[in-house]
Amino acid sequence: MERLKEKVLQEGIVLSEQVLKVDAFLNHQVDPELMIAVGEAFARRFEAEGVTKVLTIESSGIAPALMTAVRLRTPLIFARKRKSLTLQSDIYTEKVYSFTKQETSDITVSKSFIGPEDTVLIVDDFLANGEAAFGLARIAEQAGARVAGIGIVIEKAFQPGRRKLTEAGYRVESLVRVASLSNNLITFADNP
């Protein structure tokens, strides 16, 4: 997605060789027009899969996942990272380590929202080591649902997430792949 690449180059900030800050348009302030384009791109890539639910993790994945769900005309489910008084039992739970936040969270999804009749598309903002995507896939699989694939807005191709996910048999579609953040420069990788 050329528009997304331009946004990453114009507004992305390299914080280190491992961390790219994109809070100006993706995960703090959201560019709604860009998110509509992101949702359309994911919907085009997965429309033949018979997706019945889009699944993400709060909170940065919600905007691109919602736009994808709108385009696919299907519900969006987001896994919660914090306990809620209304979500105590009949839940699927997985532990997920966040590379960016350097912490492990228990993510939860109500059993009433996902089941064996579902085909799930996982959407997230970033792919680094694949922990969030694996956690979401494990939740879908606990429910007996089929994982249609994993849509990633920005993949850090220099980290092992894609390799681990594809070796586990998941289809991964990234809209932008960053090859390097060395020397404060954002370099893109070709899509595989």
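The values are calculated or read from the model by the stated rules, or taken from the named source; none is laboratory data. Since this is a predicted model, take the numbers as computed values, not measurements. Neighbour counts are summed over all protein chains in view; Cβ atoms, including those assigned to glycine, are modelled from backbone coordinates with ideal geometry. Accessible surface is based on the protein model in full, side chains and every heavy atom, while ligands, DNA and RNA are left aside. Shrake-Rupley method; radii C 1.70, N 1.55, O 1.52, S 1.80 Å.
The share of Cα pairs per 5 Å bin across the chain, counted from zero up to the longest distance, runs 1, 8, 17, 21, 22, 16, 9, 4, 1, 0 percent. Computed over protein heavy atoms with a 1.4 Å probe, the accessible surface of the chain works out to 48 Å² per residue.
For the charge dipole of the chain, defined by +1 on Lys and Arg C-beta atoms and -1 on Asp and Glu C-beta atoms about the Cα centroid, which residue among Ala65, Gln102, Ile154 has the Cα displaced farthest towards the positive pole? About the Cα centre, the residue reaching furthest to the positive side is Gln102. The ellipsoid that matches the Cα gyration tensor of segment 116-155 has semi-axes, each √(5λ) in whole angstrom, of 19, 10, 5, with the longest given first. Karplus-based coupling profile of segment 7-13, in residue order and whole Hz: 5, 4, 5, 6, 10, x, 10, with θ = phi - 60° in 6.51 cos²θ - 1.76 cosθ + 1.60 and x standing for Gly or Pro. The share of accessible area on the chain that comes from carbon and sulfur is 48 percent, using a 1.4 angstrom probe.
Using the alpha carbons alone, the radius of gyration of segment 81-192 stands to its Kirkwood radius in an Rg to Rh ratio of 1.02. In this structure the amide hydrogen of Ser180, modeled in the peptide plane, comes within under 5 Å of the amide hydrogens of Thr187, none closer than 5 places in sequence on its chain.
Just the ratio, please: alpha-carbon radius of gyration of segment 1-114 over 2.2 N^0.38 Å, N its number of residues. Walk me through the intermediate numbers first.
Values: Rg = 15.7 Å, N = 114, 2.2 N^0.38 = 13.3 Å.
Dividing the Cα radius of gyration by 2.2 N^0.38 Å gives 1.18.
About its Cα centre, what dipole magnitude does segment 44-192 give when the only charges are +1 on Lys and Arg Cβ and -1 on Asp and Glu Cβ, stated in debye to the nearest 20?
Numbers: 20 positive and 17 negative charges, 26 e Å.
About 120 debye.
Proximity of backbone amide H atoms, modeled 1.01 Å from N, is registered between Gly149 and Ile122 at under 5 Å, excluding neighbours fewer than 5 places apart on the same chain.
According to the Kirkwood expression over distinct Cα-Cα pairs, how big is the hydrodynamic radius of segment 1-63, in Å?
Values: mean 1/r = 0.0762 Å⁻¹.
Over segment 1-63, the inverse of the mean reciprocal pair distance is 13.1 Å.
The angle between the Cα long axis of helix 32-46 and the main principal axis of the chain comes to about 70°, on a 0 to 90 degree scale. Taking 7 Å steps out from each Cα toward its Cβ at Ala168 and Asp106 produces label points 2.0 nm apart. Within segment 50-137, the GluC sites (Glu not before Pro) that combine a DSSP coil assignment with at most 15 other C-beta atoms in a 10 angstrom radius are Glu58, Glu117. Residue ranges 65-73, 179-187, 167-175 sort as 65-73, 167-175, 179-187 when ordered by packing (mean number of other C-beta atoms within 10 Å per residue, highest first). I'd like the GluC sites (Glu not before Pro) in segment 1-41 restricted to DSSP loop residues with at most 15 other Cβ atoms within 10 Å, sorted by number. Here the GluC sites (Glu not before Pro) that fit, given the DSSP loop and packing criteria, are Glu17.
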